[in-house]
Amino acid sequence: MEDVETVVKQRGAPLPGFFEVEAAGLRWLADAGGARCARVLDVTSRRIELERVTPVTATPDAAYAFGRGLARTHLAGADAFGSAPAGWSGPLYIGERPMPRSTAATWGDFYAHARVLPFVEDALAAGNLEVREARTVRQACEVIASGVFDDDDPPARIHGDLWSGNVLFGAKGAVLIDPAAHGGHAETDLAMLALFGAPHLDDIVAGYEEVSPLRPGWRTRVLLHQMHPLAVHAVGHGRMYGAALARAARAVVNAR
């Protein structure tokens, strides 16, 4: 048996399919042959065992290489907007929050109805989103669902929860962990990296664009693509995220 250092995550009362979908997502992303992913050694309903990544300081070269790999992962594609990792028929999660399992023919329809709106009521109930702000978010989702931001790019194979804490820089470069993998838009992953401050982000983007140039105006759409993680965080991480979600929504409404 191969001798490797491992890390084990476990729960006493796991959510249904919680660790299994993590494993499926990591394998699906790894199958793209792009960005490296933590290797799954074992998974059950109560635990997942992964090959350990010993952190090192991120460098511009490692960030650039990661950007190239992430572009290749996205280009591997998905069956539809909202499609789950190949072979997985169970529930989806982002962090510990359930994420709707539904697909749509267009990105805007999918993103509005399956990635932003499902979290609005819970954010209101938590007191982190005000009623008037929720109206703005719903208005923005109407704009998004109308297709005004749609393009002819096919569904990308995205990580789905790509904040900087889920990109570990090890001796062999960047490694992805903890995905909420699904078929989405490539710009969503990049926007999430920007939201929480990935190291050497400009180098990541430069490497990405060497493999897969981004569409003109992509920087103006960053707030649009940040609405999903902001909506998720507005449910359980405080009032600041509800306010940020409302600001992003206003920007989307004004950009139509």
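The values are calculated or read from the model by the stated rules, or taken from the named source; none is laboratory data. Please read all numbers here as calculations on a predicted model, not as lab measurements. Note: ideal-geometry Cβ built from the backbone for every residue, glycine included; neighbour counts use all protein chains shown. To get the accessible areas, we keep the full protein, side chains included, count just its heavy atoms, and leave off ligands, DNA and RNA. Shrake-Rupley method; radii C 1.70, N 1.55, O 1.52, S 1.80 Å.
Ligands, DNA and RNA excluded, the heavy atoms of D202 present near 120 Å² of accessible surface to a 1.4 Å solvent probe. Taking one quarter of the surface of the C-alpha convex hull of segment 168-256 gives a mean projected area of 7.0 nm².
A 1.4 Å probe run over the chain, with the rest of the protein chains in place, finds 45 Å² accessible per residue. The residue list W163, V131, H185 was ranked by how far each Cα lies along the charge dipole of segment 123-186 toward its positive end, using unit charges on Cβ atoms, and W163 comes out on top.
Label-to-label distance for R97 and A76 is 2.6 nm, based on points extended 7 Å past Cα in the beta-carbon direction.
Ordering T188, T220, T106 by accessible surface, largest first, gives T220, T106, T188; the 1.4 Å probe counts only protein heavy atoms, with every chain in place. With all protein chains present, calculate the accessible area of H233 using a 1.4 Å probe and round the result to the nearest 10 Å². Taking all protein chains as shown, H233 has close to 40 Å². Relative to the dominant Cα principal axis of the chain, helix 18-30 is inclined by about 80°. Rounded to the nearest 20, the size of the Cβ-charge dipole of segment 1-70 about its Cα centre is 260 debye, with Lys and Arg at +1 and Asp and Glu at -1.
Taking the protein heavy atoms of segment 1-93 in the context of the full set of protein chains, the accessible area attributed to carbon and sulfur is 50 percent at 1.4 Å. Ordered from largest to smallest accessible area (heavy atoms of protein chains, 1.4 Å probe), the residues R115, R47, R219 come out as R219, R47, R115.
Sorting the segments 204-213, 177-186 by their mean number of nearby beta carbons within 10 angstrom, highest to lowest, gives 177-186, 204-213.
For the chain, the Kirkwood estimate of the hydrodynamic radius, built from every pair of different alpha carbons, is 18.5 Å. With the convex hull drawn around the C-alpha atoms of segment 1-85, the volume per residue stands at 129 Å³.
Centre-to-centre, using Cα atoms only, segment 121-196 and segment 67-86 are separated by 14 Å. Amide H contacts under 5 Å for A104: F81, restricted to partners 5 or more places along the chain or on a different chain, H placed in the peptide plane at 1.01 Å from N.
Compute the acute angle (0 to 90°) between the alpha-carbon long axis of helix 131-145 and the principal axis of greatest extent of the alpha-carbon atoms of the chain; round to the nearest 10°. The angle comes out near 70 degrees. Calculated [222 nm] ellipticity per residue, helices only, for the chain: -13000 deg cm²/dmol; basis is -39500 (n - 2.57) per DSSP H run with n ≥ 4, divided by all residues, nearest 500. The Cα atoms of segment 133-180 cover 45, 30, 13 Å along the three principal axes, with the biggest extent listed first. Extension gain, A243 to R46: 0.36 nm times the residue separation minus the Cα-Cα distance gives 67.3 nm. Could you tell me whether segment 81-160 comes out rounded, prolate or oblate from its Cα gyration tensor? Rule is a ≥ b ≥ c as square roots of the eigenvalues, rounded for a/c under 1.5, then prolate if a/b exceeds b/c, otherwise oblate. Oblate shape, in that a/c is at least 1.5 and b/c is the bigger or equal ratio.
Relative to the longest principal axis of the Cα atoms of the chain, the long axis of helix 60-75 lies at roughly 70 degrees. Heavy-atom accessible area, probed at 1.4 angstrom with all protein chains present, ranks R135, R36 as R135, R36, highest first.
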